[in-house]
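S.K.: There's a structure below that I have some questions on.
The values are calculated or read from the model by the stated rules, or taken from the named source; none is laboratory data. Keep in mind that this is a model prediction, so the values were computed, not measured. Backbone-built Cβ (ideal geometry, glycine too); neighbour counts: all protein chains shown. In case anyone asks, the SASA skips ligands and DNA or RNA and just uses the protein heavy atoms, side chains included. Shrake-Rupley method; radii C 1.70, N 1.55, O 1.52, S 1.80 Å.
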Amino acid sequence: MHDSYDRTFPGPATAPGYPDGPTQTRPGSGLGPGSVPEPGWGSEPGATSAAASDSGSDSGSDSGSNSASDAAPDSVKRSGPVRDRYFDLLRALALFRVVLYHLTGWAWLPLVFPSMGVMFALAGSLMARSLKRPASQVIRSRIRRLVPPLWLLGAIGVTGMVLQGWGPNEDGHPGWWLLHLTFWIVPISDPPYAEGLPGIQGFIGDNWAADLAGPLWYLRAYLWYVLLSPFLLRALRALPVATIAAPIVLSAAFQLEYLTLPGERIPSALTDFSTFGACWILGMAHQEGILQRLPRYVVPSVAPAIALLGLWYATNNNFTQGHDLDSIPLAQALWSCGTVLLLLHFSPSWSEWPRRLRRWDKPITLLNSRAVTIYLWHNTCILIAATQWDRLWNFDVLWQNVPWLLESPWPVLALTWVLIGACVLSFGWAEDLAAKRRPQLWPTGSKKSAAGGRGHRAGAR
């Protein structure tokens with residue numbers, strides 16, 4: 001359903017393989033993690049997380065992934081919410097896995113780490129914490145943080161599509177085209193895109209608009225989770241087990257065709273909701289302390305059984321490369337639910353990095369600070385990187401002597417992250433404006449840490 005990309009790196013006669021797209025019920029994405037993707041997320045997700053991740057607060061002060069324990073020092077409490085660095089680590093791993101999976105299409109990657117389920121769980125936890133404030137205020141703030149990066153992507157992407165001939169006659173009637181364009185403003189449904197556009201010679205491959213629009217399913221799914229969160233939270237407090245199980249039951253009804261709906265947009269949205277809804281609600285349950293109140297043996301006993309049921313269903317429904325968990329929503333829902341349940345159960349509360357992880361502080365902080373930008377632009381970066389790398393097949397000395405290098409995904413992965421870094425520098429400021437923060441080019445947290453260190457030393461003196 002979501003995270004499938006199925007990329008290969010063939011010889012000079014062919015361009016790198018790109019996916020035919022997600023399930024036929026998804027109208028607005030040509031791939032995506034899902035395809036988001038991952039998302040959602042799915043974005044695989046991904047997603048991540050969120051919008052690919054919800055790494056900040058609604059107002060800018062809620063910048064942590066989770067609150068620290070009540071035993072935190074008073075000096076830490078006074079400085080504001082403390083980041084849960086374990087959540088930051090999960091979000092960074094989810095983003096990296098999304099990019100790697102969309103480049104390689106390796107079917108085992110979503111099994112090793114279900115990025116989209118993780119990203120939705122982290123976002124659900126943050127949403128539950130934020131709902132200690134009035135729901136309308138929280139929802140407005142979440143939408144405000146979501147849409148500016150989308151608007152920037154749309155301003156560039158839709159302009160490029162129009163310049164290549166995409167227009168009002170592409171959607172059957174000009175009125176429908178104009179109406180669907182509003183989904184680029186508020187993604188309550190999948191924003192439209194131009195299918196089959198030619199690439200730009202030597203720069204980007206064919207059908208680039210499908211790659212650009214691929215992650216947008218995650219934003220649509222995230223938006224609906226946000227809108228429904230006040231109701232989900234009330235249901236969770238009243239009937240926790242039934243609320244967590246409900247999305248999986250809905251996913252089974254769709255997968256086994258007990259429930260069918262006409263059209264494309266509504267079934268697509270409900271499929272995504274049912275696939276990752278349990279993960280979002282599990283994140284809320286973690287924040288509410290519901291999981292922590294269970295006897296310690298319950299989650300380690302139940303979660304593997306849920307995940308293995310999903311794996312069993314996948315292996316009995318043609319689980320192969322190109323037809324992995326993202327193509328089998330029920331298997332994805334079960335595997336993600338079981339894995340997320342274990343990750344939340346065993347989660348430590350890290351207000352500071354363990355010694356062995358401190359060297360990764362800056363890159364992980366950067367990934368969390370620019371999660372939305374990375375998620376929205378990574379598909380396009382992959383396509384550009386693959387297009388550039390494929391040009392090397394034109395050099396006889398290379399394909400005759402080192403064809404294994406030209407077929408390898410690792411140089412393309414490195415080039416992809418260079419391009420993602422360029423997108424962070426060029427477009428990441430939109431996340432700061434959305435969060436009402438001072439724009440930063442490369443937010444690794446180093447200045448903040450340095451300032452905090454100087455303040456601590458000054459206080460000591």
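S.K.: Examine segment 264-286 for a residue that is modelled with pLDDT of 95 or more and more than 20 Å from ALA221 (Cα to Cα), and state whether such a residue exists.
M.R.: Checked against the condition, which is being modelled with pLDDT of 95 or more and more than 20 Å from ALA221 (Cα to Cα), segment 264-286 yields at least one hit.
S.K.: Another question, if that's okay. For segment 393-409, which positions are in contact with a Phe, Trp or Tyr (Cβ under 8 Å, 6 or more places away or on another chain) and assigned to a helix (DSSP H, G or I)?
M.R.: TRP393, TRP399, LEU406, GLU407 - these are the residues of segment 393-409 that are in contact with a Phe, Trp or Tyr (Cβ under 8 Å, 6 or more places away or on another chain) and assigned to a helix (DSSP H, G or I).
S.K.: Let me ask something else about it. List the pairs whose first member sits in segment 335-350 and is closer than 16 Å to ARG83 by Cα, whose second member is basic (Lys, Arg) and open to solvent by less than 30 Å² (accessible area, probe 1.4 Å), and whose Cβ atoms are under 8 Å apart, counting only residues at least 6 apart or on separate chains?
M.R.: TRP350/ARG85
S.K.: Now, a different point. Out of PHE113, PHE120, I need the residue that is under 19 Å from LEU282 (Cα atoms) and buried (at least 23 other Cβ atoms within 10 Å of the Cβ). Which one?
M.R.: Among PHE113, PHE120, only PHE120 is under 19 Å from LEU282 (Cα atoms) and buried (at least 23 other Cβ atoms within 10 Å of the Cβ).
S.K.: So which residues in segment 215-247 are over 17 Å from the mean Cα position of the chain (by Cα) and either surrounded by 20 or more Cβ atoms within 10 Å (Cβ to Cβ) or among the small types (Gly, Ala, Ser) (or both), if there are any at all?
M.R.: Correct list: SER229, LEU232, LEU233, ALA235, LEU236, ALA238, ALA242, THR243, ILE244, ALA245, ALA246, PRO247.
S.K.: Of the residues in segment 248-262, how many are open to solvent by 60 Å² or more (accessible area, probe 1.4 Å) and part of a helix (DSSP H, G or I)?
M.R.: 1
S.K.: Suppose we keep only residues that are of a type in the set (S, T, N, Q) and surrounded by fewer than 13 Cβ atoms within 10 Å (Cβ to Cβ) within segment 389-409. Which one would you say is nearest to the chain's Cα centre (by Cα)?
M.R.: Result: ASN394.
S.K.: While we're here: Tally up the residues in segment 177-203 that are surrounded by 22 or more Cβ atoms within 10 Å (Cβ to Cβ) and β-branched (Val, Ile, Thr), please.
M.R.: Summing the residues that are surrounded by 22 or more Cβ atoms within 10 Å (Cβ to Cβ) and β-branched (Val, Ile, Thr) in segment 177-203 gives 0.
S.K.: Anything in segment 185-237 that is over 21 Å from PHE273 (Cβ atoms), assigned to a helix (DSSP H, G or I) and in contact with a helix residue (DSSP H, G or I) (Cβ under 8 Å, 6 or more places away or on another chain)? List them, or say none.
M.R.: If the condition is that a residue be over 21 Å from PHE273 (Cβ atoms), assigned to a helix (DSSP H, G or I) and in contact with a helix residue (DSSP H, G or I) (Cβ under 8 Å, 6 or more places away or on another chain), then TRP208, ALA209, ASP211, LEU212 are the ones that fit.
S.K.: Of all residues in segment 154-190, how many are more than 14 Å from ARG265 (Cα to Cα) and touching an Asp or Glu at 6+ places or on another chain (Cβ under 8 Å)?
M.R.: The total comes to 1.
S.K.: Mind listing whichever residues of segment 128-176 are more than 22 Å from the chain's Cα centre (by Cα) and aromatic (Phe, Trp, Tyr)?
M.R.: TRP166, TRP176
S.K.: Pick from segment 328-344 the residues that are of a type outside the set (Phe, Trp, Tyr) and open to solvent by 30 Å² or more (accessible area, probe 1.4 Å): which of them is farthest from LEU93 (Cα to Cα)?
M.R.: Applying the filter and picking the extreme gives LEU342.
S.K.: Any chance segment 114-129 includes a residue that's among the β-branched types (Val, Ile, Thr), over 25 Å from PHE346 (Cα atoms) and either in a loop (DSSP other than H, G, I, E, B) or at pLDDT 95 or above (or both)?
M.R.: No - not one qualifying residue is present in segment 114-129.
S.K.: Only one of GLY322, GLY283 is of a type in the set (Gly, Ala, Ser) and closer than 23 Å to ALA107 by Cα. Can you tell me which?
M.R.: GLY322
S.K.: Now, a different point. Could you tell me whether segment 295-304 includes any residue that is open to solvent by less than 20 Å² (accessible area, probe 1.4 Å), part of a helix (DSSP H, G or I) and more than 24 Å from PHE87 (Cβ to Cβ)?
M.R.: Within segment 295-304 (the criterion being open to solvent by less than 20 Å² (accessible area, probe 1.4 Å), part of a helix (DSSP H, G or I) and more than 24 Å from PHE87 (Cβ to Cβ)), the answer is no, since none of the residues qualifies.
S.K.: I need the full set of residues from segment 317-362 which are part of a helix (DSSP H, G or I) and of a type in the set (D, E, K, R), in order please.
M.R.: Selection gives ASP326, ARG355, ARG356, ARG358, ARG359, ASP361, LYS362.
S.K.: Among the listed residues ILE156, ILE200, ILE139, ILE185, identify the single one that is over 30 Å from PRO230 (Cβ atoms), β-branched (Val, Ile, Thr) and at pLDDT 95 or above.
M.R.: Testing whether each residue is over 30 Å from PRO230 (Cβ atoms), β-branched (Val, Ile, Thr) and at pLDDT 95 or above leaves just ILE156.
S.K.: I've got another one for you. Going by the structure shown, is PRO81 at pLDDT below 95 and surrounded by fewer than 22 Cβ atoms within 10 Å (Cβ to Cβ)?
M.R.: For PRO81, the condition - at pLDDT below 95 and surrounded by fewer than 22 Cβ atoms within 10 Å (Cβ to Cβ) - is met.
S.K.: Inside segment 410-434, can you point out the residues that are open to solvent by less than 20 Å² (accessible area, probe 1.4 Å), assigned to a helix (DSSP H, G or I), closer than 15 Å to TRP151 by Cα and small (Gly, Ala, Ser)?
M.R.: Result: ALA430, ALA434.
S.K.: Test each condition in (1) touching a His at 6+ places or on another chain (Cβ under 8 Å); (2) farther than 19 Å from LEU95 by Cα for THR416 and report the one that comes out false.
M.R.: (2)
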